[in-house]
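K.L.:
Structure below; questions to follow.
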Amino acid sequence: MTSDGGIQIPSRLPLLLTHEGVLLPGSTVRFSVDSPRNMHLVSQRLLRGTSLKSTIIGVIPNTRDPEHDTDDLPTLHKIGTAGIAVQVVGSNWPKPHYTLLITGLCRFSVSSLLKERPFVLAEVEQLDKLDQYTIPATESVAAEDGELGELSQKFYQAAVQLLGMLDMSVPVVAKFRRLLDSLPRETLPDVVASMIRTSNKEKLQVLDAVSLEERFKKALPMLTKQIEGLKLLQKTRKISPDNEKRVLSVRKGGVFPGRQFNLDGDDEDEDGDDTAVLERKVHGANMPEAALRVCLKELKRLKKMPQSMPEYALTRNYLDLMVELPWSKSTKDCLDIRAARTLLDNDHYAMDKLKRRVLEYLAVRQLKTTLKGPILCFVGPPGVGKTSVGRSIARTLGREFHRIALGGVCDQSDIRGHRRTYVGSMPGRIINGLKTVGVNNPVFLLDEVDKLGKSLQGDPAAALLEVLDPEQNHSFTDHYLNVAFDLSQVLFIATANTTATIPPALLDRMEVLQVPGYTQEEKVEIAHRHLIPNQLEQHGLTPQQLHIPQDTTQDIISRYTREAGVRSLERKIGAICRAVAVKVAEGHRATKTEALTPESQTQQGDKAAPPEMPIVIDHIALKDILGPPLFEMEVSERLTLPGVALGLAWTPLGGEIMFVEASRMEGDGQLTLTGQLGDVMKESAHLAISWLRTNAKTYQLTNMMGGPDPLEGADIHLHFPAGAVTKDGPSAGVTIVTCLASLFSGRLVRSDVAMTGEITLRGLVLPVGGIKDKVLAAHRAGVKCVILPKRNEKDLEELPANVRADLDFVTAGNLDEVLNTAFDGGFPGTASTHTHPQLTSKL
Ligand code: ADP
C-alpha cells in the first residue's frame, strides 16, 4: 500500500451507499444494509475476501441505494470515506440484512464509475494523507504556522475546554482526554465532530471540507455550540454523569488501532419514551412472577443497548411478545349440553358415533372442570369433517379456535421454539397460536398428527408429548420464551388420516375416534343440508336463483368425484355456483339495459334475456359446467378379458377399488410385477402362484400348450394399475389368485364382484382391516357382490343399512369358496373337492 511517501488506499474501491449516518475518518460507525447492491457488496466482497485490502470499502454518504437491482443509480455524493469493515453481522430478522462496523480511514473522491452491478465499483482518488496517524502528534501540525496553526490551536483549546466541563471520572471522558493529546491535530476536526452531538448534515459539512483549514473552520462552530449548550445546562442544573453521557457517548465495539470511540445516536429521547411504554405494558400484562422477573431484566438490558445493535431488535421483539401473550386472559366457558347437541347436529349430518363421544367428553368437562382426560383424536380420510367438528366444539364451548397444521413438521423447534441465541429465532407454534388467539384457553386443533416427520433437529413428537401431557403442560417451556407458560387450560384436539404413522407414545395419550367415509346417500344429504346452502351463501346466491336436484347431486358424487369425504363434492358445487353466478350477473345487466332502452331487447333477441329463475342444474347443465364425467362405472368394461379381477384396497384417503391384471407370454417361468408394489404384496403374488400351481390339476388349469403346469414355457406379468401409487399389504391375496385363475383357465371373472382377503399357502383366507371403507368404495363403484374373509363377518355390522341392503356379501374361509363365487356358475373342481383339497395334495 505504500507509494510516493504515503500509505495509499486501493485506487479501485467498492462503494457502500448509505443514507443515514456519516462516517468520518478516525471514527467507527455501525451501518445496517439491506438494499441489493449493498448486500452484494457484503456477500461477494467482504465475506469472500481473504486479504486486508479486501476489507477496505468506500462509504458514500447521503445517497440512497435503489430498492431494486435493476433501478438506475442516483447521483453519488462526490466525497466519501474509505473505511475498514471490522465486523460483519448477518441477520434474517425482520428481513435479511447485514450490520457492518466500519472504521473510517480517509476521504476520497470518486473519479469514475467502473461498474454498477452487482455492487458499485469506482476508480477513486485519495484526498487525505494516511500517514498522519503514524507520525507523532508533535511533528505534524505543530510545525505548521500561519492561519492553519492558529485554527488548530483554537480548536484544540476548545476541545480542552469542553473536556474541562465534563466529569473526568466518567471513563468515556477520560478516554477522550487521552485521545486529544495523542492524536495528530489535523485529525481532530473529524474525530471531534464524530464524537460530539452533531447532526448528519453537520457531519456531511465536515466531510465535504477537503482542505484542512476549511475543516477546522466548519468543525469549530459545532464544538463551540456544544460548549455553549453545556454552559446553559450547567447553569440550570448541576451536570450529572448521565447528562455527560448524552453529550459524549462511546460505544463498545468500535475498533480503531488502539482507540475506541463512536458517534452518538440522535434519538435517545424517543427511545426512552418507548421503553417506558413497554415497561408499563410489562407491568400490566399480568404475568406470573417468574416471567415478570425475566421481563424486567431484559428491559433493563434493553435500556442500555443502542438501537442499532442487532440484539436490540431481538430483545425488543422478545419483550413485545411477552407482553402480548395471554398470561391470564381467558374466555368464559358457556357450556350447555343440550345446546351443544343441537349445534353439533345442526352443523353435521350423520357421524352419530363421533358426535355422541364428543358430547360425553363435553359433559364430563362440565362436571369436572379440571379434567385431565385423554386428548381426542379424530382419525379418518380427508374431507369427512374432522376439522369442522373441532371448530364446532370450540363454538359450543364459546372458546377461540386455532388450527395448527403439523403436516411435514420435522423440527422440534417448530413446536418448542428456537433458543434466543440463534439469529432469527422465533417461538414455536403453540406460543404463536396463543398470541394469535389472545386467550389462554382456546381450542387448539393439531391437524395431521400422523404426518409429523423426524429429522436431525430432534423429534417434534417428543415436544408434542410435553404439550399434551396434562401432568407436564402446566409449565410448558418454549425455548424462545425460556419461562414456563401454563397450557393446562387449552383444549387440544388432534386429527389424522391414519393411526399407523402416529408415534406410539403420542397415540398412547390420545383417544382415537374413527371418522369413516360417507355412503352415497349420506353424501347427498350432507350436500343438500350443508354444502349447497353454504356454497350458495359464499357465492352470493339464493335458493331462488339456483336449484340443484337430488339426481344431479348423485350424479356429481358418482361421476365427478371418487372420495371418502365430501371435499371435492364441495368444490364441484362451488364450480356450479360460480357458473350460475355469471349467468345471474349477466341477467342483471340485461335487465338494466332493458330498463334503459326498451328497444334494445328486441335487437338483442334471446341472448340478453335474463335466465329464468331458479336455474335448475340438470344432467346437461352439469356436463356443460363440469365437463365430461371423470369417472364412469368402468367396472363392467374392464372385466371383459380373462386375467382381470377387482380387488378392494384401503388407503389413508379411504377405501378404493383396485383392478389386478395378469397376462401370460412365452418364456421360462418368470414372474414380473409392476405397479409400485411393496414387499408384502409381492409375497402375496408368489403365494398365489405357488398355490395355483399346486392345485392346477384340481382346478383344471393348464399352460399355453395345454400341459398341467400353468407356468411351464410361460412368463407371467401381474400389474396393479394406478401405477404411480405405492401399494402394499396382504389383502390383495384373494384378488391375485382369482385373477390368475381366470388367466390360466381362460374364463371371465364376474364383473360385479369385488374381493379382499389375505391368503395362506394352504389356501385359507385370513381376515384383513378397513372392511368398512373398502365396502363403501365397492358400493360407490357400483359393485353388486363383495367377497370377504369369514372372520371379517362381524365388521359388516358397522355398515349403514342401505349399503348392506344393496350388496351381497359372501364370506369365504378358503380360496375354494372365493373362486366359486367369483366366476359365473362356479369354478371347475371347487364343488367336487369340498374339503380342502390342498391339504391332501400338499401336506
Ligand atoms: P377434514 O378435516 O376431515 O379433512 P373438513 O372438516 O375440512 O374435513 O371438512 C370439509 C368440508 O366438508 C367442510 O366444509 C365441512 O363442513 C364439510 N363436512 C364434512 N362432513 C360433514 C358433515 N357430516 N356434515 C356437514 N358438513 C360436513
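K.L.:
Where Rh is the Kirkwood radius over the Cα pairs of region 481-575, the temperature 20 °C and the viscosity 1.002 mPa s, what D in µm²/s does Stokes-Einstein return?
P.N.:
Here the translational diffusion coefficient equals 129 µm²/s.
K.L.:
What accessible area per residue comes out for the chain, rounded to a whole number of Å², with a 1.4 Å probe?
P.N.:
Value for the chain: 47 Å² per residue.
K.L.:
Report the antiparallel proportion of the DSSP beta bridges in the chain as a percent, rounded to a multiple of 5.
P.N.:
60 percent
K.L.:
To the nearest 500 deg cm²/dmol, what mean residue ellipticity at 222 nm is calculated for the chain from DSSP H runs of n ≥ 4 alone, each contributing -39,500 (n - 2.57), summed and divided by the residues? Write out the running numbers ahead of the final one.
P.N.:
Details: 30 runs with 329 residues, N = 843.
So the helix-based figure for the chain works out to -12000 deg cm²/dmol.
K.L.:
According to the square roots a ≥ b ≥ c of the eigenvalues of the Cα gyration tensor, what is the shape class of region 345-417, taking rounded for a/c under 1.5, prolate for a/b larger than b/c otherwise, and oblate for the remainder?
P.N.:
Oblate is the answer for region 345-417, as a/c is 1.5 or above yet b/c matches or exceeds a/b.
K.L.:
Also: Just need log10 I(q)/I(0) for region 740-802 at q = 0.27 Å⁻¹, Debye formula, equal scatterers on the alpha-carbon atoms, no solvent, rounded to two decimals.
P.N.:
So the normalised log intensities work out to -1.21.
K.L.:
So, one more: Quick check on my link table: of LYS451/LYS774; LYS154/LYS218; LYS300/LYS435; LYS454/LYS682; LYS355/LYS386, which ones sit more than 18 Å apart, alpha carbon to alpha carbon?
P.N.:
Where the Cα-Cα span goes over 18 Å, the pairs concerned are LYS451/LYS774; LYS300/LYS435; LYS454/LYS682.
K.L.:
Now for a different question. Sort region 4-57 into rounded, prolate or oblate with this rule: let a ≥ b ≥ c be the square roots of the eigenvalues of the Cα gyration tensor; rounded if a/c is under 1.5, and if a/c is not under 1.5, prolate when a/b is larger than b/c, oblate otherwise.
P.N.:
Numbers: a/c = 2.19, a/b = 1.27, b/c = 1.72.
Since a/c reaches 1.5 but b/c is at least a/b, the shape of region 4-57 is classed as oblate.
K.L.:
Above 16 angstrom, tally the Cα pairs of region 376-473 and express them as a % of all pairs, no decimals.
P.N.:
Value for region 376-473 (Cα pairs over 16 Å): 61 percent.
K.L.:
Please get the size of the charge dipole for region 323-390, origin at its Cα centre, with Cβ charges of +1 on Lys and Arg and -1 on Asp and Glu, quoted in debye to the nearest 20.
P.N.:
On the way: 12 positive and 7 negative charges, 51 e Å.
Charge dipole, region 323-390, about its Cα centre: 240 debye, nearest 20.
K.L.:
Using a 1.4 angstrom probe on the protein heavy atoms only, line up HIS283, HIS19 by accessible area, largest first.
P.N.:
Details: HIS283 110, HIS19 85 Å².
Order by accessible area, largest first: HIS283, HIS19.
K.L.:
Debye calculation, C-alpha points only, no solvent: report log10 I(q)/I(0) for region 703-822 at q = 0.10, 0.12, 0.14, 0.23 Å⁻¹, in the same order as the q values.
P.N.:
Ignoring solvent entirely, the Cα scatterers give -0.33, -0.47, -0.64, -1.42.
K.L.:
Along its three principal axes, how long is region 634-711 when you only count alpha carbons? Whole Å, largest extent first please.
P.N.:
Computed over the Cα atoms, the extents are 44, 30, 24 Å.
K.L.:
Binning at 5 Å from 0, report for region 425-554 what percent of all alpha-carbon pair distances ends up in each bin.
P.N.:
Cα pair-distance distribution for region 425-554, in percent: 2, 8, 15, 15, 12, 11, 9, 10, 9, 6, 3, 1.
K.L.:
Does anyone have the angle between helix 352-367 and the longest principal axis of the chain? Alpha-carbon axes, 0 to 90°, nearest 10?
P.N.:
Taking the Cα atoms of the chain, the angle to 352-367 is about 50 degrees.
K.L.:
Same structure, new question: Net charge near THR672, counting Lys/Arg +1 and Asp/Glu -1 over other residues with Cβ under 13 Å of its Cβ? Don't jump to the answer; show the numbers that get you there.
P.N.:
On the way: positive: ARG664, LYS682; negative: GLU661, ASP668, ASP715.
Overall, the nearby charge balance is -1.
K.L.:
For a test of the definition: using alpha carbon positions, the gyration tensor, and the 1.5 limit on a/c, classify region 403-457 as rounded, prolate or oblate.
P.N.:
Judged from the Cα gyration tensor, region 403-457 comes out oblate (a/c at least 1.5, b/c at or above a/b).
K.L.:
Leaving ligands, DNA and RNA out of it, rank ARG338, ARG762 by accessible area with a 1.4 Å probe, largest first.
P.N.:
ARG338, ARG762
K.L.:
Roughly speaking, to the nearest percent, how much of the chain's 1.4 Å accessible area is carbon and sulfur?
P.N.:
With neighbouring chains kept in place, the figure for the chain is 51 percent.
K.L.:
What figure, in Å² to the nearest 10, do you get for the accessible area of ASP715 with a 1.4 Å probe and non-protein molecules left out?
P.N.:
Ignoring ligands and nucleic acids, ASP715 comes out at about 30 Å².
K.L.:
Same structure, new question: Could you state, as a whole-number percent, how many of the C-alpha pairs of region 321-446 are farther apart than 24 Å?
P.N.:
Distances greater than 24 Å cover 37 percent of the Cα pairs.
K.L.:
Please give the helix 771-780 orientation as an angle from the longest Cα principal axis of the chain, in degrees from 0 to 90, rounded to the nearest 10.
P.N.:
80 degrees
K.L.:
Now for a separate question. For LYS784, what accessible surface area do you get with a 1.4 Å probe? Give it in Å², rounded to 10.
P.N.:
Accessible area of LYS784: about 110 Å².
K.L.:
Once you have the Cα-Cα distance between LYS368 and ILE337, take 0.36 nm times their residue separation minus that, and quote the gain in nm to one decimal.
P.N.:
Values: separation 31, 0.36 × 31 = 11.16 nm, distance 1.38 nm.
Full extension from LYS368 to ILE337 adds 9.8 nm.
K.L.:
Any idea what diffusion coefficient the chain gets from Stokes-Einstein, in µm²/s, Kirkwood Rh on alpha carbon pairs, 4 °C, 1.567 mPa s?
P.N.:
Translational D for this selection: 37 µm²/s.
K.L.:
If one takes the longest principal axis of the Cα atoms in the chain, at what angle in degrees, from 0 to 90 and to the nearest 10, does the Cα axis of helix 567-596 lie?
P.N.:
70 degrees
K.L.:
What three numbers, in Å, describe the spread of the alpha carbons of region 28-68 along their principal axes, ordered from the longest?
P.N.:
If we take the Cα atoms of region 28-68, the spans are 29, 23, 14 Å.
K.L.:
Please state the relative contact order of region 408-484 as a whole percent: Cα pairs under 8 Å, 6+ residues apart?
P.N.:
45 percent
K.L.:
Report, by chain and number, residues whose modeled amide H sits under 5 Å from the one on THR651, excluding near sequence neighbours (fewer than 5 apart, same chain).
P.N.:
Long-range HN contacts for THR651: GLU656.
K.L.:
OK, next. With r as the distance between the Cβ atoms of GLU147 and SER455 and R0 = 60 Å, compute the FRET efficiency 1/(1 + (r/R0)^6) and round to 0.05.
P.N.:
Values: r = 72 Å, r/R0 = 1.20.
My answer for the efficiency is 0.25.
K.L.:
Order MET705, MET165, MET309, MET195, most accessible first, counting only protein heavy atoms with a 1.4 angstrom probe.
P.N.:
MET705, MET309, MET165, MET195
The values are calculated or read from the model by the stated rules, or taken from the named source; none is laboratory data. Just so it is clear, the structure is predicted and the values come from calculations on it, not from any experiment. Ideal geometry is used to build each Cβ from the backbone, glycine not excepted, and the neighbour counts take in all protein chains shown. Ligands, DNA and RNA are excluded from the accessible area calculation, which covers all protein heavy atoms including side chains. Shrake-Rupley method; radii C 1.70, N 1.55, O 1.52, S 1.80 Å.
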